[in-house]
Amino acid sequence: MRVTPQPVVAAGAADRAATRRVAREFESLLLNEVMKSMRRTVPESPLGEGLAGEIFTGMLDETFADALAGGAGLGLADLLAAQLTPENAAPPPAAIARALTDGEWVQPTTTPATPLSAAQRFGAYRPGNRPAACGAGHCGVDLGRPGGTPVVAAASGTVTGVGRDPGSESGLWVELSHENRKLTTRYLHLSHIAPELTPGSSVTAGEVVGEVGATGTTARGDHLHFEVSYRTPDGGRRWLDPAPYLPRWKAR
């Protein structure tokens, strides 16, 4: 019996509001502790001495921290809320979900041996301007593997891009389109790219496109950065979290 995989359910407005509230409270507590530490460096408090002065100072610090967190704050609340509720938690269109689960998809590299860490997951924080659909910035998942581990096409398709500059932000990379250009996969930070790959080349599922590496200015250790995205009706692109699909694809 075939079990139909269930898509990730989007967080509702109430869930997002609750997450935002908790993130604000956390930032307020942090700011309050920072102020306490700063006050310890001041020999005398201008607000009075003794228990009354301590109570008044504590109330002032707490109120000030709440006000800061409720405004611009440190930006920590925004970061936490974005990581906990990435905008693209919404499930993809039914046709895209079927294409990702009913086709002959394979894992792009060897089966993950351990769960992804927070920094490796989709939506984790990354600096700079990133698509809103990628949560706090990370538009894919990082699969840590030894350098030289083969990287294969996750599905049959066409090469739509090849980057051969190891000093670029993404290093050596390959981009493939699938399902009549409805879906796109990207493979970043490679140490080697199959020399025969050029835009327009056809590839089959499981065909080697490169090897795991650590090229690129943003790479920290050998790993494969793997992305999945789909084309929207307006011609744009929306990223998906590959993690729920990887265990359902054929293992190499």
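The values are calculated or read from the model by the stated rules, or taken from the named source; none is laboratory data. Since we're looking at a predicted model, the values are computed, not measured. Please note: Cβ atoms are built from the backbone with ideal geometry, for glycine as well, and neighbour counts cover all protein chains shown.
Details
- Gly161 being assigned to a loop (DSSP other than H, G, I, E, B), of a type in the set (Gly, Ala, Ser) and modelled with pLDDT of 90 or more: no
- Checking Thr204, Thr215, Thr184, Thr198 one by one, the residue that is touching a residue at least 24 places away in the same chain (Cβ under 8 Å) and within 20 Å of Pro92 (Cβ to Cβ) is Thr184 and no other.
- Test: Thr215 is assigned by TED's automatic domain parsing to the domain that holds Gly161, surrounded by 21 or more Cβ atoms within 10 Å (Cβ to Cβ), in a loop (DSSP other than H, G, I, E, B) and modelled with pLDDT of 95 or more: yes
- Output for region 185-199, where each listed residue is part of a strand (DSSP E or B) and either of a type in the set (Val, Ile, Thr) or buried (at least 20 other Cβ atoms within 10 Å of the Cβ) (or both): Thr185, Arg186, Tyr187, Leu188, His189, Leu190, Ile193
- Screening Cys134 against (1) buried (at least 23 other Cβ atoms within 10 Å of the Cβ); (2) closer than 22 Å to Val203 by Cα leaves a single unmet condition, (2).
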